[in-house]
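Here is the structure we will look at, set down as structure tokens.
Every number in this text was worked out from the coordinates using simple rules, so none of it is lab data. This is a predicted model, so every value here is computed, not measured. Cβ atoms come from the backbone with ideal geometry, glycine included; neighbour counts cover every protein chain shown.
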Amino acid sequence: MDRFVYADNAATTPVSAEVFEAMKPCFETVWGNPSSLHTKGREAKKVLDDARARIANVFSCRPDEVYFTSCGSESDNWAIKGAAHRMKAKGRTHIVTTKIEHHAVLYTCQALEKEGFTVTYVGVDGDGVVNMDELKAAVDDKTALVAVMYANNEIGTVEPIAEITEIAHAAGALMFTDAVQAVGNVPIDLSQLKVDMLSLSGHKLHAPKGIGMLFIRKGVFIDNLIDGGGQERRKRGGTENIPYIVGLAKALEVAKEQLPDLTRVAAMRDRLIEGLTKIPYSKLNGHRTNRLPGNVNVGFECIEGESMLLLLDMEGICASTGSACSSESLEPSHVLLAIGVPHEKAHGSLRLSISHETTDADIDYILEKVPPVVARLRDMSPLWENVQKSNVNQ
Amino acid sequence: MQYSEKVMDHFMHPRNVGEIENAQGVGVVGNAKCGDIMKMYLEIDENDVITDCKFKTFGCGAAIATSSMATELIKGHTVKEALTLTNKAVVEALDGLPPVKIHCSVLAEEAVKSAVADYYKKIGRPIDFNMESDTVVPEEK
């Protein structure tokens, strides 16, 4: 192995040194329970309040609109189930979402369907952008909630959330966006973006796994998911995870400071896209420009993603695929199928998600290693054999 | 999900990859939609012995490894013996497969049977065996 290149930042990111440093005192000295009235408790409460205020500052929202959770999935579950259950009393029992949401959203919606809610799964175009006409037609006075992801985790397409929010609000519905992939990768100002709820996850932006957040706008009321002690203004029980909350605050501040650096990341992304799509019988999945700065997703015909991943791993490159064979489900990616990639081609997708830690030398290395891996697998593929033969015959 | 060292070895260094021109038996199983296709070529002498065997596979690591192992297990054996190859034998020879990958070994068994059936057809021998594996693949969800 000549080099180690981590290109799977959409799966998770390493905890950064500055986040780790910020968290350390919370393990060493600030270990109190913020609900306790004594010195140790008050000390922890101060740190908690400070973290919340700093996060509010990052998003231009109010500190009391910030709710800490255990992960992105919990935030998604809470937002959707909490809103659905609350809005049911107003006779609104319909949810509008899309076909390309994360499973934390899709399966939550399916669970609500079992309770009697109806759900419309709006389609997307070939680039993964939500079909706005379909969405407009789906939202009506029975709609409790519109849930659309800010940016897609597989193909990186960024959705028109501001516009969708207007549609939801015009019909009196709540608007929720799963911004797990977007936060840290696109500027988000919650004084401008009028969503009612937004979810995020710490480990996608160099905070640890096990910390998430749900923004709930002041005046928006949803049912609780986790009842318990009076934490999070009685909206989410469970003793606050002070170290990780402090880590999340630090990570969000750093991410905001680094936003200008994303132009450089996007340039590296574009170089990857250009280089990889030069390989014959390959195609970019997702929007060419309107995509996350670190996301590359390319489909290669006649080969299968898992074997590609294993060979790239041998070269020190960590990547991901939408192939069925890499998952426990054996179903190819629902996102690739939704943008119209046929089953047989969906198996050959490669996702590379880079970050500001990625270097130009890393990109060179990926561009050097991927073509021979693709060629090697095509050499042993009976499908490639057919492609070659039909080319000769033409 | 973790592959055994044997699986990784057969995936990284697959045995008998390629084609045999004018092979006596050629079998193709699987489909691209599901993500696995195996093509098996058999060279068979007048004593029914498989003197050479090659494969081409579109699929995951396990699909490539099971194809490779299957060719190793039947090479030098008679077609009758090759027909007794079970997916279980392929799995065991590879020191096991993750549960979701068992279907790859089924496909390998069926690729051999499909190639032998093609050979029987060519020489006018009746196909007196079941072309499908009798292994029930565990439910895949």
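Where does the longest stretch of chain A lie that holds no GluC sites (Glu not before Pro) found in a DSSP loop with 14 or fewer other Cβ atoms within 10 Å?
With a cap of 14 other Cβ atoms within 10 Å, the longest stretch comes to A:116-327.
Under a GNM of chain A (C-alpha, springs under 10 Å), which listed residue has the highest mean-square fluctuation: A:R92, A:R62, A:R233?
Residue with maximal mean-square fluctuation among A:R92, A:R62, A:R233: A:R233.
Order by neighbour count: B:M69, B:M1, fewest other Cβ atoms within 10 Å first, most last. Could you put the intermediate results ahead of the total?
On the way: B:M69 26, B:M1 14.
Least crowded to most crowded, the residues run B:M1, B:M69.
Taking chain A as a Gaussian network, Cα atoms linked when under 10 Å apart, which of A:T359, A:T93, A:T157 shows the biggest mean-square fluctuation?
Answer for the Gaussian network model of chain A: A:T359.
Grab the DSSP H runs of the protein assembly as shown that are 4 residues or longer, score each as -39,500 (n - 2.57), total them, divide by all residues and round the 222 nm result to the nearest 500 deg cm²/dmol.
On the way: 19 runs with 221 residues, N = 535.
Rounded to the nearest 500, it is -12500 deg cm²/dmol.
Considering Cα pairs under 8 angstrom that are at least six residues apart, work out the relative contact order of segment A:260-393 and quote it in whole percent. If you can, show how the numbers build up before the last one.
Working: 183 pairs, mean separation 38.7, N = 134.
Dividing the mean separation by the residue count of segment A:260-393 yields 29 percent.
For A:302-311, what's the mean count of beta carbons from other chains sitting within 10 Å of each residue's beta carbon? Walk me through the intermediate numbers first.
Working: counts 3, 2, 11, 2, 10, 10, 2, 2, 8, 3.
Going residue by residue through A:302-311 and averaging, the value is 5.
Using only atoms on other chains, find how many Cβ atoms lie within 10 Å of each Cβ of peptide B:28-40 and report the average.
Values: counts 1, 0, 1, 2, 13, 7, 8, 15, 4, 7, 1, 6, 1.
Taking all residues of B:28-40 together, the mean is 5.
Give me A:I339, B:I123 sorted ascending by neighbouring Cβ count inside 10 Å, so fewest comes first. Write down the numbers at each step before the final one.
Values: A:I339 25, B:I123 10.
Neighbour counts put them in this order, fewest first: B:I123, A:I339.
Under 16 Å from the Cα of A:K235, which lysines turn up, not counting those fewer than eight places away in the same chain?
Once the sequence-local lysines are set aside, what remains near A:K235 is A:K81, A:K218.
List the relative contact order of chain A as a percent without decimals, with contacts defined as Cα pairs under 8 Å and 6+ residues apart.
It comes to 21 percent, rounded to a whole number.
Pairs A:K194/A:K256; A:K90/A:K114; A:K369/B:K33: which are spaced more than 21 Å apart, C-alpha to C-alpha? Please report the intermediate quantities before stating the final value.
Values: A:K194/A:K256 19 Å; A:K90/A:K114 19 Å; A:K369/B:K33 27 Å.
Over 21 Å Cα-Cα: A:K369/B:K33.
Once you order the gyration tensor axes a ≥ b ≥ c over the Cα atoms, which shape class does chain A get: rounded for a/c under 1.5, otherwise prolate or oblate by comparing a/b with b/c? Intermediate results must be reported in sequence, preceding the final value.
Working: a/c = 2.27, a/b = 1.40, b/c = 1.62.
Verdict is oblate for chain A.
Over all residues in A:339-350, what is the mean tally of Cβ atoms on other chains that come within 10 Å of each residue's Cβ?
Values: counts 0, 0, 0, 2, 5, 7, 1, 2, 8, 3, 0, 0.
Across the residues of A:339-350, the mean count of other-chain Cβ atoms within 10 Å is 2.
Under a straight-distance cross-link criterion of Cα-Cα below 19 Å, which lysines are reachable from B:K113, leaving out those fewer than 8 residues away in the same chain?
By straight Cα distance, B:K113 reaches B:K39, B:K54, B:K56, B:K75, B:K80, B:K88, B:K121, B:K122.
Computed FRET efficiency, Cβ-Cβ of B:E132 and B:E21, R0 22 Å: what is it to the nearest 0.05?
Details: r = 28 Å, r/R0 = 1.29.
For R0 = 22 Å, the calculated efficiency reads 0.20.
With angles folded into 0 to 90 degrees, how steeply does helix B:102-123 sit against the dominant principal axis of chain B? Use alpha carbons for both and round to 10.
Roughly 10 degrees between the two axes.
I'd like the distance between the alpha-carbon centres of segment B:57-103 and segment A:201-232, rounded to an integer number of Å.
About 49 Å separates the Cα centre of segment B:57-103 from the one of segment A:201-232.
Towards the positive end of the charge dipole of the protein assembly as shown, with charges on Cβ (+1 Lys, Arg; -1 Asp, Glu), say which of A:Y365, B:G96, B:L85 has the farthest Cα.
Farthest along the dipole direction, towards plus: A:Y365.
For A:L145, list long-range residues whose amide hydrogen, built 1.01 Å from N in the peptide plane, is under 5 Å from its own amide hydrogen.
Those qualifying (amide H under 5 Å, at least 5 residues apart or on another chain) are A:H94, A:V96, A:L174.
Which of these, A:G128, A:G238, A:G294, has the largest mean-square fluctuation under a Gaussian network model of chain A (Cα springs below 10 Å)?
A:G238
Name the cysteines of chain B that stand alone by the Cβ rule: no other cysteine Cβ under 4.7 angstrom.
Flagged as lacking a Cys partner: B:C34, B:C53, B:C104.
If the reach is capped at under 20 angstrom between alpha carbons, list the aspartates and glutamates near A:K88, excluding any in the same chain fewer than eight residues apart.
Here the aspartates and glutamates satisfying the reach criterion relative to A:K88 are A:D76, A:E113, A:E115, A:D140, A:D141, A:D196, A:D223, A:D227.
Take every Cα pair under 8 Å in chain B that's 6+ residues apart, average their separations, divide by the length, and report that relative contact order as a whole percent. Before the final figure, lay out the partial values.
Details: 273 pairs, mean separation 38.4, N = 141.
That works out to 27 percent.
No solvent, one uniform scatterer per C-alpha: report log10 I(q)/I(0) for segment B:5-123 via the Debye equation at q = 0.15 1/Å, two decimals.
Reported log10 I(q)/I(0), two decimals: -0.56.
Please report the spacing between the Cα centers of segment A:242-307 and segment A:104-177 in Å, no decimals.
Using only Cα atoms to place each centre, the spacing works out to 24 Å.
Name the residue from A:S323, A:V96, A:A144 whose Cα lies farthest towards the positive end of the charge dipole of chain A, charges +1 on Cβ of Lys and Arg and -1 on Cβ of Asp and Glu.
Selected residue: A:A144.
Between B:M12 and B:E92, what is the FRET efficiency for a Förster distance of 22 Å, r being their Cβ-Cβ separation, to the nearest 0.05? Intermediate results must be reported in sequence, preceding the final value.
Values: r = 20 Å, r/R0 = 0.92.
In this case the efficiency is close to 0.65.
What is the dipole size for segment A:260-393, taken about its Cα centre, with +1 at each Lys and Arg Cβ and -1 at each Asp and Glu Cβ, in debye to the nearest 20?
Numbers: 13 positive and 18 negative charges, 101 e Å.
I would put it at about 480 debye.
Starting with the fewest neighbours, write out A:L198, A:L135, B:L73 ranked by other beta-carbon atoms found within 10 Å of each beta-carbon. Provide the component values of the computation, followed by the final result.
Details: A:L198 28, A:L135 22, B:L73 18.
Fewest-to-most ranking of A:L198, A:L135, B:L73: B:L73, A:L135, A:L198.
What is the gain in length, in nm to one decimal, between A:T118 and A:S35 on full extension, counting 0.36 nm per residue of separation less the C-alpha to C-alpha distance?
On the way: separation 83, 0.36 × 83 = 29.88 nm, distance 3.99 nm.
Gain on stretching A:T118 to A:S35: 25.9 nm.
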